[in-house]
Structure formats: C-alpha cells, structure tokens
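Have a look at the structure below, then the notes.
The values are calculated or read from the model by the stated rules, or taken from the named source; none is laboratory data. Note that the structure is predicted; figures quoted are calculated from it, not measured. Note that each Cβ is placed from the backbone with ideal geometry, even for glycine, and that neighbours are counted across all protein chains shown. Surface accessibility is based on the protein's heavy atoms, side chains included, excluding ligands, DNA and RNA. Shrake-Rupley method; radii C 1.70, N 1.55, O 1.52, S 1.80 Å.
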Amino acid sequence: MTTTETAIASAEAHSAHNYHPLPVVVATAEGAWMTDVEGRRYLDLLAGYSALNFGHGNRRLIDAARAQLERVTLTSRAFHHDRFADFCTQLAELCGMETVLPMNTGAEAVETAVKTARKWGYRVKGVPDGMAKIIVAAGNFHGRTTTVVSFSTDPEARADYGPYTPGFEIVPYGDLAALDAAMTGNTVAVLLEPIQGEAGVLVPPPGYLAGVRELTRRRNVLFVADEIQSGLGRTGRTFALEHEGVVPDMYLLGKALGGGVVPVSAVVSSAAVLGVFRPGEHGSTFGGNPLACAVALEVIAMLRTGEFQERAAELGDHLHRELGLLAGGDAVTAVRGRGLWAGIDIAPRLGTGREISEKLMDRGVLVKDTHGSTIRIAPPLVISKEDLDWGLDQLREVLRG
Ligand SMILES: *Cc1c(COP(=O)(O)O)cnc(C)c1O
C-alpha cells in the first residue's frame, strides 16, 4: 500500500464515518496550496469552507498565535485577560455595532443567537413565556447541534436526531410574502444566511434582504444574519449584507474570524440586545480565550484595511466572468455566487459532484461537492490570479469529459 492508502485505511478503521473525505492526505500547506504525504501539490479551492480566507500559514496570523502561545493561552472568563477588551472593542467597531459575545464554533454562535433572541423576546418585547418563535429559511445550514438541526430541511443533517427543539418556523428562502405571512406577535427573530452556502451558494433575489430588514423593523423582530461563511471578505465586502445596503440587528461570525488557526466565533449586536444576559446565564470555557483573541485581532486588523475585500471583489469579478463563459456551454447548467465564491451546477451526464471533485483532485485541484452535481469554489482570498486561472483551466479540462 502507498503512504496515502495506509493513512486512509487507518483513519477509516479508527474514526467515525461522519465524513467522506477525498482520498488525499495533506501534510503541509502554504497560501493557496497544500502538499500531501507523497509530495504532490494541490490548489485549495475550498479554503476550509472559508475558515482559511487569509490562506494557509498566513505569516501575520502564525506570528500572532506564536507570540500569544508564549504569554498566556487560557484564563477562562472567571478572570479578565489583556487581549479581551481590544478584541471586543475592535470587532464591534468592524461590525459598526456595540457589543460582542465570543464563543468558539459557528454552531455555538447560532445557539447563542437563539438564546439571545428568546430572552430578548421575553424580557424586552413582552412575548408570553415559552411562546417565542424564530423564523428560518428552507435550505439553511446553521450548524450541527440538536437545536440547530431541529430547523434544518436537509434529511441527512436532521434524520434520527429527534425529539426536535420546538419554536422554529421554516419559510422558503427568498420569498418575502411567505416571511410576512409567517410573522406573528410572538416572532422574536428572523435567522438567515445572506447567501446560502451549503445549499449551493444561493444568492437571494435582489431586494429580498432589504425587504427582510424593512419587515423585521416594522414588526419589532430581530434580523439575525448568519455571516459565518459569507462574512469577513469572502464576497468582496466585509459582510455579504453590505451588497444590499442592509445592516442587521445581529451578526453571527465564525470560520475566518479564527484565521484557520483556532476556532473563534462571536455574536455581535447592540448593547440593548446583548444586554439581556446577566452573569451565569450563558458562557463557554474557551470562548474569548487569549489565544483566540490574539489571532482574531490580527484578522480584524487585516480586514480593516479593506485590501482583502478589494482582492475578493476583483478576483471574484474575474472568476464569475470566466464561469459565465462556461455556463454558456452544455457542461454547466448554472453558476451562482458573489466575490470569490461560486456554486457551479454541472450537467448530470458528466457525473456527480463527487466524481467531478475526484477528477479535479487527480489534476491537483481540491474542491468540495454539495447536493448532487453542484461543486463550490471558495479559494483563499490570497490566491494569485495565475493560480486561479490554472485551477479554472483544470475545471475546463474535466468538463470536457
Ligand atoms: C459552517 C457554518 C456554521 C457552523 O459553524 P461550525 O463552526 O461548523 O459549527 C453555521 N452557519 C454557517 C452559515 C456556516 O457556514
């Protein structure tokens, strides 16, 4: 057996099979490139589902982490530490908001948003106890906890995990009239992805998100934007909602906030909304730890200059121009997305998304399929135009059949 085969067989023998990875065993990575245990190089067009927006081994992030590793890594929130105030202040400023509640994973940020919205509903809006409702969209992906999968419409993500958490209403994504009809006096929040990533990089119709903003404002309902995948530069802006000129009541951030180094997530909102929490009512041992804050502070500093957003916008225009040409042929049935983020529907006769991904892997390009014959492209924002073009060349070759 090759080194790769041995590593995969051993992983399969001793790990739960809740993933079906492509048969590549990565050993090292730098920028937009990964190298496997046999020395083969691959262009990373997934970027850890956008956790690696700033690339593998980003010098600034590694240096920030290393310096903090030598000082202090964890205090728990039982004590203050000297990176916490800067992290909260600077993240709130980046978001144009007031208050930050740090957690670790994206799913925890979503859970925190659910708790915040419900508590806000009871304490501030005056919803009768136990009656709070949160409206979500069909096709959503907000994480993997039991409560979060309770309002998933993906059978794979949801089946056999009941009894499910009540209190959620599901409406079609992009349908403002359906959202309006679902709202009652007990609605406390609308939770949406500004672009649905896992669903295949679905961009809602123009005006939808502004309409959601208008509707939620009028009905005194919190607009919670899950920007865990769409945020922090991916679409060419700091937040995907900016494209529509929309400011939500709450941002949920994760993935790239930890720079691909450590898990860092956060709920960012107004002092009035996050002010519903009193000591002991919510928390996390690792949330807001010094190492996480040090890395996230460097992420925030990189985003503040706007250079990564600009790069994502420019390279994204190029990417979508090239993919638009492909969509004119008979191999690609649809292309969606914004900035350096694309969902590509491949004609089923050319194979499943998985088969296309494997063919790309054989040509040194790593992507991930989603739902049937869709593949998505989300390279690190630091990718060079030449490397991106090379990756697109490989895609064109694979689509030639
Ligand atoms: C990845 C993701 C999550 C969950 O984040 P985890 O860190 O995997 O828990 C939530 N929402 C969206 C939009 C995501 O893409």
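Structure notes:
- Ordered from longest to shortest, the equivalent ellipsoid semi-axes for the range 268-378 are 39, 19, 15 Å, each the square root of 5 times a Cα gyration tensor eigenvalue.
- Taken about its Cα centre, the range 71-304 carries a charge dipole of about 520 debye when Lys and Arg each add +1 at the Cβ and Asp and Glu each add -1 at the Cβ.
- Whole-Å semi-axes of the range 71-304's equivalent ellipsoid (Cα gyration tensor): 27, 20, 18
- A 1.4 Å probe, protein heavy atoms only, puts the accessible area of HIS17 near 130 Å².
- Kyte-Doolittle mean at least 1.0, axial Cα span of 18 Å or more - DSSP H helices of the chain: 290-304
- Highest-fluctuation residue, TYR251, TYR164, TYR173 considered, GNM on the chain with Cα pairs under 10 Å: TYR164
- Largest first, the residues HIS243, HIS20 sort by 1.4 Å accessible area into HIS20, HIS243.
- Eigenvalues of the alpha-carbon gyration tensor of the chain, scaled by 5 and square-rooted, set the equivalent ellipsoid semi-axes at 34, 26, 21 angstrom, largest first.
- GLY167 sits among other residues whose Cβ lies under 11 Å from its own Cβ, and their net charge, with Lys and Arg +1 and Asp and Glu -1, is +1.
- Most mobile of GLU355, GLU198, GLU281 in a GNM of the chain (Cα contacts under 10 Å): GLU281
- Rg followed by Dmax, in Å, when the range 1-86 is reduced to its Cα trace: 17.7, 52
- For the chain: lysine pairs under 20 Å (alpha-carbon distance), excluding those fewer than 8 apart on one chain: 6
- P(r) for the range 141-219, from all Cα pairs and a bin width of 5 Å, is 3, 14, 23, 23, 19, 13, 4, 1 %, short bins first.
- Residues considered: THR35, THR165, THR238. Largest GNM mean-square fluctuation over the chain, using C-alpha springs under 10 Å, is found at THR165.
- Principal axis dimensions, the range 1-155 - Cα atoms, whole angstrom, descending: 64, 44, 28
- Sum of side-chain charges, GLY364 neighbourhood, beta-carbon under 9 Å (Lys, Arg +1; Asp, Glu -1): +2
- Helix-only CD estimate at 222 nm, as mean residue ellipticity for the chain, using -39500 (n - 2.57) per DSSP H run (n ≥ 4): -11000 deg cm²/dmol
- Mean-position separation - Cα centroids, the range 229-288 and the range 177-192, in angstrom: 22
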